[in-house]
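**Q** Have a look at this one.
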Amino acid sequence: MAVTRLAASDEGVRRAGAALAAGDLVAFPTETVYGLGADGTNPRAVANIYRVKGRPADNPLILHVADAAAAEALAREWPDDARRLAERFWPGPLTLVVPARAAVPAVVRGGLDTVAVRCPSHPVARRLLAAAGVPVAAPSANRSGHPSPTTAEGVARALGGPTTPDVTVWLVDGGPSSIGVESTVVDVSGGRPLLLRPGGLPTTAIEGVVGALGTPAAGGPARSPGMRYRHYAPDRPLVLLAMDPEAAVAALAREGARDRWPKARSGLLAPRRIVEAAGWPAAVSLGDSPHEAAAALFEGLMTLDRWPGLDRLVAVWNNQEGVGGAVMDRLERAAAEVVQA
Ligand code: TXA
Ligand code: MG
């Protein structure tokens, strides 16, 4: 499949808008991660997103809109909680699941009677939505199950290659995404709001507006289809050390010299001071704060996954503060094994 790059100029965004109208796919930057977009009113174009990603048909997509009024137009009901959250946090890294109008194509909803809507804040995404004039269906621009790209280079690497030669993908380069993990997904379609996916907007901020969030009942109706599937997995097995810095540095020193994670064959992804203390040859820093860690997370995983000579990856994270909760969630899902102190 050919991926053709466009600059985020007026001309580039105009061409991307025209490509969406023609039924092509457009990868574009958002403040969270890059999205792979299609005209959300065109079921054939939306079906191509599933083909390109290798995404299960029952995992629904988010419709991206320019403002809350456009989101409301897609909803059969716009609950009070939706109104309050949209007023407080849009545009931004929050997705709301609401009852869907019948006009929203079933392929977008994965057959559910709800629809996920989000109003992104990234200026290029906003210009693209204005140019498109329709809701844009867009999952993260990775192949299903893999880490989400946060740069245009990451999108080109994730989506390039010989699959689906009949689909045209345009890629608008808007630089790196500032947040680095996907939006927080909250279901406000009925009863108490439910947290379906922790993300770029900290859960505590949402609870400050609508009170404590519930979690979908295990074994209950599939309110959160996306969470059933394996996610964010690098090709090499990842071990997550959910430990405080001292314990992690001790474990890395001990195991780095032995068979379990020999430092010559293992890549390390950890907060800066742990990377510095460990002194492993293959390492990527997650910086000094949850915000920096989120921004570095997916690119770091992919960099280590391409690093020559490695056969396993070790990540260190143990911080639920702010966007740290979303970093923990992504690493737990990516990991083949979680080790606690
Ligand atoms: O930050 C983001 O949310 C990025 C950017 C591109 O906007 N998009 C993104 O999309 O992460 P995706 O498809 O990778 O993740 C969407 C999540 C999935 O877990 C999906 O199952 C869930 O939202 N979802 C979508 N529609 C839903 C619905 N009607 N009910 C429950 N969950 C839904
Ligand atoms: Mg995704």
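**Q** Being surrounded by fewer than 20 Cβ atoms within 10 Å (Cβ to Cβ) and not in a loop (DSSP other than H, G, I, E, B) is the filter here; which residues of segment 312-323 pass it?
**A** The answer is Arg312, and nothing else.
**Q** I'd like to know if segment 88-109 contains one or more residues that are without any contact (Cβ under 8 Å) to a residue 40 or more places away in the chain and within 30 Å of Ala296 (Cβ to Cβ).
**A** yes
**Q** Here is a follow-up. For Arg84, indicate whether it is open to solvent by 20 Å² or more (accessible area, probe 1.4 Å), of a type in the set (Lys, Arg), away from ligand 1 (no atom under 11 Å from the Cβ) and under 19 Å from Leu74 (Cβ atoms).
**A** yes
**Q** Please count how many residues of segment 169-184 are within 16 Å of ligand 2 (Cβ to nearest atom), open to solvent by 20 Å² or more (accessible area, probe 1.4 Å) and touching a Leu at 6+ places or on another chain (Cβ under 8 Å).
**A** 0
**Q** Scan segment 172-183 and report the pairs whose first residue is away from ligand 1 (no atom under 13 Å from the Cβ) and whose second residue is assigned to a loop (DSSP other than H, G, I, E, B) and among the hydroxyl-bearing types (Ser, Thr, Tyr), with Cβ atoms within less than 6 Å and a gap of 6+ or a chain change.
**A** Pairs that qualify, where the first residue is away from ligand 1 (no atom under 13 Å from the Cβ) and the partner is assigned to a loop (DSSP other than H, G, I, E, B) and among the hydroxyl-bearing types (Ser, Thr, Tyr), are Pro176/Thr150; Pro176/Thr151.
**Q** Which of the residues that make up segment 193-235 are more than 16 Å from ligand 2 (Cβ to nearest atom) and modelled with pLDDT under 95?
**A** Thr215, Pro216, Ala217, Ala218, Gly219, Gly220, Pro221, Ala222, Arg223, Asp235
**Q** Same structure again: State which residue is farthest from Val186 (Cα to Cα) when the search covers only segment 31-77 and only residues that are in contact with a helix residue (DSSP H, G or I) (Cβ under 7 Å, 6 or more places away or on another chain) and more than 15 Å from ligand 1 (Cβ to nearest atom).
**A** By that ranking, first place goes to Pro43.
The values are calculated or read from the model by the stated rules, or taken from the named source; none is laboratory data. Given the structure is predicted, the values throughout are model-derived calculations rather than measurements. Glycine also receives a Cβ, built like all others from the backbone with ideal geometry; neighbour counts cover every protein chain displayed. Quick note on the areas: whole protein, heavy atoms, side chains included, nothing else; ligands and nucleic acids left out. Shrake-Rupley method; radii C 1.70, N 1.55, O 1.52, S 1.80 Å.
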